Number of protein chains: 2
Amino acid sequence: MSVLVVGSVALDSVETPFGKAEEVLGGSANYFAASASHQTPVQLVGVVGSDYPVDKLEPLKARNVDFAGLEYAEGESFRWRGRYRHDLNSAETLETRLGVFSHFKPKIPAQFRSAKYVFLANIDPRLQLDVLSQVEKPTLVACDTMNFWIESRRPDLLELLARVDLITLNDSEARQLTEQANLVQAARWILARGPRTVLIKKGEHGAFMFTNESVFFAPAYPLESVFDPTGAGDSFAGGFMGYLARTGDLSEANMRRAVVIGSAMGSFVVEQFSIGRLLEISRADIDARVAAFHRLVTFDQALGA
Amino acid sequence: MSVLVVGSVALDSVETPFGKAEEVLGGSANYFAASASHQTPVQLVGVVGSDYPVDKLEPLKARNVDFAGLEYAEGESFRWRGRYRHDLNSAETLETRLGVFSHFKPKIPAQFRSAKYVFLANIDPRLQLDVLSQVEKPTLVACDTMNFWIESRRPDLLELLARVDLITLNDSEARQLTEQANLVQAARWILARGPRTVLIKKGEHGAFMFTNESVFFAPAYPLESVFDPTGAGDSFAGGFMGYLARTGDLSEANMRRAVVIGSAMGSFVVEQFSIGRLLEISRADIDARVAAFHRLVTFDQALGA
């Protein structure tokens, strides 16, 4: 079963304490697709300008990412320039040029409309709602969002919440959206407004999956060097959604595995600039990292004497 | 097997967004003892001034905490006054009055010198070294420390490192001590200087246990309300050391269980001011929370289709 993603296809220029990259593949849809394509075919909807180096998308096409939903518009592609200092947990945005992305109106190709697994990456909630009106009967709809939309599109975001099955957001966004400092209370607040599942990402501090019945936590993998944190959240979402689409199993046990697959993908992507590492790794690498996550958290509950 | 703790016995005045407490039991040794005493008898070494409300220690005495090593000195007891704002992860110290604690020279009573499990709570590394010269042949010596000693007593602290089996410190202290931003590299740095085990505490983000062979991570329990974070680290250490002393088993599997017991104790103590909650809970409560930790992190590695 393939997974549909609607999001940004961008060019990133990034500086970290370990190096610089200029005009490399970026954007939520690219990261998501590179990650999810390890699990299942991906259908991508986005927009690029006339200057986009489309040949650089070939490796993704070769991995079962279908770009039939990529619109080519007159004008400049979406560009983001950012810097990470010693604290790799927060990016400093130096420049954002939306270009053709500012007029993006997602058009879901006919052959994508029956998608069963849909990820609405971080775009205007009005567009996310519009996408929902174009898909037929998805099994699982997940969305991401960010501080900008929480501030400027709150009513639309609340409408969206009522229509999705799952939301991913980071801890500060969860606090901002819900005005609850405590993450358990923040998750409750969101669960009461629609989604059956809330994934709260804490960057290097791991991720929580909350439902009305349970809480699951997966740490971030303790890497010896984090090279470039860009795209970790979307790679997480790609691994998570891709695994669910591949297995078609929405049981609690399988969703927990999906969170760990997502965490594994997030831990790979930060090892290089852009989607470089995601294009290198194999299923065996992913399995090995999942096994390492298992060793990292496993303890035997049976108490001693 | 009992556990020996050397540390502060203080009076705390704390303000949190949820209330205020004046002159309540505080200090590393009190928190450690209240926590460890759920597992095993505790021998405590510390000092109080002539104004200390010693009757308030009775509940600890009733729980097998032996105060034979508590010195009574002329002068004021150690007092700490602090405040937590909305971000409960960091305390703002309003006032520290060391009182008799500034002249503290730990004297280990003869009947405590054969202690097998020793916790050197956060005091001057010179005093921690001095304690080591007074104990006979401990099985496991653990120490804690803080930014102040890392800055002002670095040579002594390095000497101490070479003589302890285990160190607990928080993430910012680990970075400060090692000058490594990355926690895995920080742990490696410390492991190369003596301890076989490094416990890095990340407050609400959980705790890592590093050895040369493995890494274990336990999250902090996602509580719906954290009332007062004071003492979480020492309660963690108390649960950890107490459990090891009780079971006498230093295998990797048992040390992992000890970390989870420590995390459970840390999650209880923050539910009330001072050691209040630790005096209320039973072994059944601890077991139930350990089980909840297990549910929180458990996933089945076996992948689907």
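The values are calculated or read from the model by the stated rules, or taken from the named source; none is laboratory data. All figures in this text were calculated on a predicted structure; none of them were measured in a lab. Quick reminder, even Gly has a Cβ in these numbers, built from the backbone with ideal geometry, and neighbours come from all protein chains shown. Accessible surface is based on the protein model in full, side chains and every heavy atom, while ligands, DNA and RNA are left aside. Shrake-Rupley method; radii C 1.70, N 1.55, O 1.52, S 1.80 Å.
Go through (1) of a type in the set (D, E, K, R); (2) under 16 Å from B:HIS205 (Cβ atoms); (3) open to solvent by 30 Å² or more (accessible area, probe 1.4 Å) and name the single condition A:LYS202 misses. Condition not satisfied by A:LYS202: (3). Annotation note: of A:GLU92, A:GLU151, the sole residue that is out of contact with any Ser or Thr (no Cβ under 9 Å at 6 or more places or on another chain), open to solvent by 60 Å² or more (accessible area, probe 1.4 Å), part of a strand (DSSP E or B) and acidic (Asp, Glu) is A:GLU92.
Could you list, in sequence order, all residues of the range B:95-142 that are of a type in the set (Lys, Arg) and part of a loop (DSSP other than H, G, I, E, B)?
Step one: list which residues in the range B:95-142 are of a type in the set (Lys, Arg), which gives B:97, B:105, B:107, B:113, B:116, B:126, B:137.
B:LYS105, B:LYS107, B:ARG113, B:LYS116, B:LYS137, listed by residue number.
Listed by first and then second residue, the pairs with beta-carbon distance under 6 Å, at least 6 apart or on different chains, first residue in the range B:69-91 and under 21 Å from B:GLN134 (Cβ atoms), second hydrophobic (A, V, I, L, M, F, W, C) and surrounded by 15 or more Cβ atoms within 10 Å (Cβ to Cβ), are B:GLY69/B:LEU44; B:GLY69/B:VAL45; B:GLY69/B:PHE112; B:GLU71/B:VAL47; B:ALA73/B:VAL47; B:ALA73/B:VAL100. Among the residues making up the range B:214-265, a single one is away from chain A (no Cβ under 12 Å) and over 14 Å from the mean Cα position of the chain (by Cα): B:ASP228. Output the residue which, of all residues in the range A:271-296 that are open to solvent by less than 10 Å² (accessible area, probe 1.4 Å) and touching a Pro at 6+ places or on another chain (Cβ under 8 Å), is farthest from A:ARG196 (Cα to Cα). Among those that are open to solvent by less than 10 Å² (accessible area, probe 1.4 Å) and touching a Pro at 6+ places or on another chain (Cβ under 8 Å), it is A:LEU296.
Annotation: B:GLY99 fulfils all but one of (1) of a type outside the set (Asp, Glu); (2) farther than 23 Å from B:ALA258 by Cα; (3) open to solvent by 40 Å² or more (accessible area, probe 1.4 Å); the unmet one is (3).
Filtering the range B:174-183 down to residues that are in contact (Cβ under 8 Å) with a residue 12 or more places away in the chain and among the aliphatic types (A, V, I, L, M), which residue is nearest to the other protein chains (Cβ to nearest Cβ)?
Step one: of the range B:174-183, the residues in contact (Cβ under 8 Å) with a residue 12 or more places away in the chain are B:174, B:176-178, B:183.
Next, from what is left, pick out any that are among the aliphatic types (A, V, I, L, M): B:174, B:177, B:183.
On the way: B:ALA174: 12, B:LEU177: 16, B:LEU183: 6 Å.
Top of the filtered list is B:LEU183.
Without any contact (Cβ under 8 Å) to a residue 40 or more places away in the chain, away from chain B (no Cβ under 14 Å), touching a Lys or Arg at 6+ places or on another chain (Cβ under 8 Å) and outside any helix (DSSP H, G or I), is that true of A:LEU158? So A:LEU158 fails the test. Among the residues of the range A:169-182, not a single one is under 20 Å from the mean Cα position of the chain (by Cα), of a type in the set (Ser, Thr, Tyr) and not in a helix (DSSP H, G or I). If you go through the range B:276-293 and pick out every residue that is facing chain A (nearest Cβ under 7 Å) and in contact (Cβ under 8 Å) with a residue 12 or more places away in the chain, you end up with 1. Number of residues in the range B:220-260 that are touching a residue at least 40 places away in the same chain (Cβ under 8 Å) and open to solvent by less than 10 Å² (accessible area, probe 1.4 Å) equals 13.
Within the range A:183-199, track down each residue that is crowded, with 19+ Cβ neighbours inside 10 Å and either of a type in the set (Phe, Trp, Tyr) or in a helix (DSSP H, G or I) (or both).
To start, the set of residues in the range A:183-199 that are crowded, with 19+ Cβ neighbours inside 10 Å comprises A:183, A:186-187, A:190, A:195, A:197-199.
Hits for the range A:183-199 are A:LEU183, A:ALA186, A:ALA187, A:ILE190.
On inspection, B:GLY75 passes the criterion of being open to solvent by less than 50 Å² (accessible area, probe 1.4 Å) and at positive phi. No other residue among B:PHE268, B:PHE273 is touching a residue at least 24 places away in the same chain (Cβ under 8 Å), more than 12 Å from chain A (Cβ to nearest Cβ) and touching a Lys or Arg at 6+ places or on another chain (Cβ under 6 Å) apart from B:PHE268. Checking each residue of the range A:184-202 against the condition of being in contact with a Pro (Cβ under 6 Å, 6 or more places away or on another chain) and within 13 Å of chain B (Cβ to nearest Cβ) gives at least one match.
Screening B:PHE208 against (1) surrounded by fewer than 23 Cβ atoms within 10 Å (Cβ to Cβ); (2) at the interface with another protein chain (Cβ under 8 Å from one of its Cβ atoms) leaves a single unmet condition, (1). Inspect all residues belonging to the range A:34-52 and state whether any of them is open to solvent by 60 Å² or more (accessible area, probe 1.4 Å) and in contact with a His (Cβ under 8 Å, 6 or more places away or on another chain). Within the range A:34-52 (the criterion being open to solvent by 60 Å² or more (accessible area, probe 1.4 Å) and in contact with a His (Cβ under 8 Å, 6 or more places away or on another chain)), the answer is no, since none of the residues qualifies.
Out of A:ILE167, A:ILE123, one residue alone is touching a Pro at 6+ places or on another chain (Cβ under 9 Å), within 22 Å of A:MET209 (Cβ to Cβ) and either more than 14 Å from every other protein chain (Cβ to nearest Cβ) or of a type in the set (Gly, Ala, Ser) (or both). It is A:ILE167.
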